[in-house]
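Q: Quick one: this structure, given as structure tokens, is what I'll be asking you about.
The values are calculated or read from the model by the stated rules, or taken from the named source; none is laboratory data. What you are looking at is a predicted structure, and each value in this text was computed from that prediction instead of being measured. Positions of Cβ are generated from backbone atoms using ideal geometry, with glycine treated the same way; all protein chains shown enter the neighbour counts. Only protein heavy atoms, including side chains, enter the accessible area calculation; ligands, DNA and RNA are left aside. Shrake-Rupley method; radii C 1.70, N 1.55, O 1.52, S 1.80 Å.
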Amino acid sequence: LGTREPAIYGHQTLADVEVMTRAHAKTLGWDIDFKQSNSEGTLVDTMQGARTTCVGVILNAAAYTHTSVALRDVISAIEIPVIEVHLSNIHAREPFRQTNFISPVALGQIAGFGINGYKLALDALAAHLETNVASQRSKTEKSAGSEDFCSRSALSKATVASSMQPEASSSSQWA
């Protein structure tokens, strides 16, 4: 990221994405686990781990979007919201990019806004969780008096997982 097809993906590096995403998460009162791997299995493991430690996942599966049944299956299994992010508008690109294994099981997709898609995804995840908590709280209050369903502090951590390559390197990096 940062050198590969900058006309499509921009000039920002993976480090730039992490700094921006962490800063935006902080404005929401959140912390994030920022993970990057070019290994499908590592991405699956990361998402499985997020199931018990995070309230949601923001995933840029890159080319795995179009090929990975394993990522599709883990998204279905982890039972926390996953928002799919793509730097480019994959719907306006090559025909092979029209096959998408992630979207049918993701909460939603943000594509075509460059690295700002990560901020949009954090905002969407926060809004979704706030709406869900309010809805669950209302149901709980109706059935159990004033018992609180979930406190704001429980909405404090999300995983940002990416298979984008950092800068020109092809090795896996954990940020």
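Q: Quick one: ARG137 ticks every box in (1) closer than 25 Å to LEU28 by Cβ; (2) modelled with pLDDT under 95; (3) open to solvent by less than 30 Å² (accessible area, probe 1.4 Å) except a single one, so which number is it?
A: With (1) closer than 25 Å to LEU28 by Cβ; (2) modelled with pLDDT under 95; (3) open to solvent by less than 30 Å² (accessible area, probe 1.4 Å) applied to ARG137, the lone miss is (3).
Q: Considering the range 116-128 alone, what residues qualify as being open to solvent by less than 20 Å² (accessible area, probe 1.4 Å) and among the hydrophobic types (A, V, I, L, M, F, W, C)? Please lay out each step first, then the result.
A: Let us first name the residues in the range 116-128 that are open to solvent by less than 20 Å² (accessible area, probe 1.4 Å), namely 117-118, 121-122, 125-126.
Hits for the range 116-128 are ALA121, LEU122, LEU125, ALA126.
Q: Which members of the range 87-126 meet the condition of being of a type in the set (Phe, Trp, Tyr) and more than 21 Å from VAL55 (Cα to Cα)?
A: PHE96, PHE101, PHE113
Q: Being part of a helix (DSSP H, G or I), within 26 Å of ARG51 (Cβ to Cβ), modelled with pLDDT under 95 and out of contact with any Cys (no Cβ under 8 Å at 6 or more places or on another chain) is the requirement here; does LEU129 meet it?
A: Numbers: part of a helix (DSSP H, G or I): yes; within 26 Å of ARG51 (Cβ to Cβ): yes; modelled with pLDDT under 95: yes; out of contact with any Cys (no Cβ under 8 Å at 6 or more places or on another chain): yes.
In short, yes.
Q: Name the helices (runs of 4 or more DSSP H) wholly inside the range 1-78 in which the number of residues that are of a type in the set (Lys, Arg) and either open to solvent by 60 Å² or more (accessible area, probe 1.4 Å) or modelled with pLDDT of 95 or more (or both) is 2 or more.
A: Once the helices (runs of 4 or more DSSP H) in the range 1-78 are filtered for at least 2 residues that are of a type in the set (Lys, Arg) and either open to solvent by 60 Å² or more (accessible area, probe 1.4 Å) or modelled with pLDDT of 95 or more (or both), what remains is 14-27.
Q: Here's a follow-up. What do you reckon, is ALA158 hydrophobic (A, V, I, L, M, F, W, C), more than 20 Å from LEU1 (Cα to Cα) and modelled with pLDDT under 70?
A: It is true that ALA158 is hydrophobic (A, V, I, L, M, F, W, C), more than 20 Å from LEU1 (Cα to Cα) and modelled with pLDDT under 70.
Q: Another question, if that's okay. Collect the residues in the range 115-126 that are out of contact with any Asp or Glu (no Cβ under 8 Å at 6 or more places or on another chain) and either outside any helix (DSSP H, G or I) or not small (Gly, Ala, Ser) (or both), keeping them in residue-number order.
A: Correct list: ASN116, TYR118, LYS119, LEU120, LEU122, ASP123, LEU125.
Q: What about LEU107, is it open to solvent by 30 Å² or more (accessible area, probe 1.4 Å) and closer than 15 Å to VAL160 by Cβ?
A: Spelling it out, LEU107 is indeed open to solvent by 30 Å² or more (accessible area, probe 1.4 Å) and closer than 15 Å to VAL160 by Cβ.
Q: Checking LEU107 against (1) under 24 Å from LEU14 (Cβ atoms); (2) touching a His at 6+ places or on another chain (Cβ under 7 Å); (3) at pLDDT below 95, only one condition comes out false. Which one?
A: Unmet for LEU107, out of (1) under 24 Å from LEU14 (Cβ atoms); (2) touching a His at 6+ places or on another chain (Cβ under 7 Å); (3) at pLDDT below 95: (3).
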